[in-house]
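Below is one structure, written out as structure tokens, with a few remarks after it.
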Amino acid sequence: MVAQKRYSRQRAAVLKTVQESDNHPTAEMVYEAVREEIPNVSLGTVYRNLSFLTEERKIREIVFDDNVKRYEDFMEEHYHCICTRCGNIQDVPVQSDELIEALGKQISDFQISSHRLELYGVCEECRSE
């Protein structure tokens, strides 16, 4: 029999924070947000819960060019637009995986199992400043 992981208030708060964020928060950002609800939560507890939620596929861990782990709950395949001025990250839904597979076959007879695309530029808000 497989042991069930018990529900914890801290885990629920970590998950809620990631789900409600629209900017792919770091562990430290999640920690600061969770501390508002649970002042005595430790950074280690936040890291453990982020790891658990990632293993359970409730959230996804991603690392961009800044080599900082960030988290999101949008689990479908998608791309990201990243502002080089303010660091804002926006999700871009993928319309067709067939396009990527066809590209892989043009390059070689390579069967693609996953892919990642990041688009860098300046967001609308930064351009208007």
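Matching residues to (1) under 27 Å from residue 82 (Cα atoms); (2) modelled with pLDDT under 95; (3) not assigned by TED's automatic domain parsing to the domain that holds residue 90:
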| position | (1), (2), (3) |
| --- | --- |
| 3 | no, yes, yes |
| 13 | yes, no, yes |
| 16 | yes, no, yes |
| 21 | yes, yes, yes |
| 28 | yes, no, yes |
| 34 | yes, no, yes |
| 43 | yes, no, yes |
| 51 | yes, no, yes |
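For the range 57-77, the set of residues classified as surrounded by 15 or more Cβ atoms within 10 Å (Cβ to Cβ) and closer than 15 Å to residue 120 by Cα consists of 64 only. Restricting attention to the range 30-56, the residues being within 20 Å of residue 66 (Cα to Cα) and surrounded by 18 or more Cβ atoms within 10 Å (Cβ to Cβ) number 3.
The values are calculated or read from the model by the stated rules, or taken from the named source; none is laboratory data. This structure is a prediction, so every number in the text was calculated from the model and none was measured. Glycine gets a Cβ as well: all are built from the backbone with ideal geometry, and neighbour counts include every protein chain shown.
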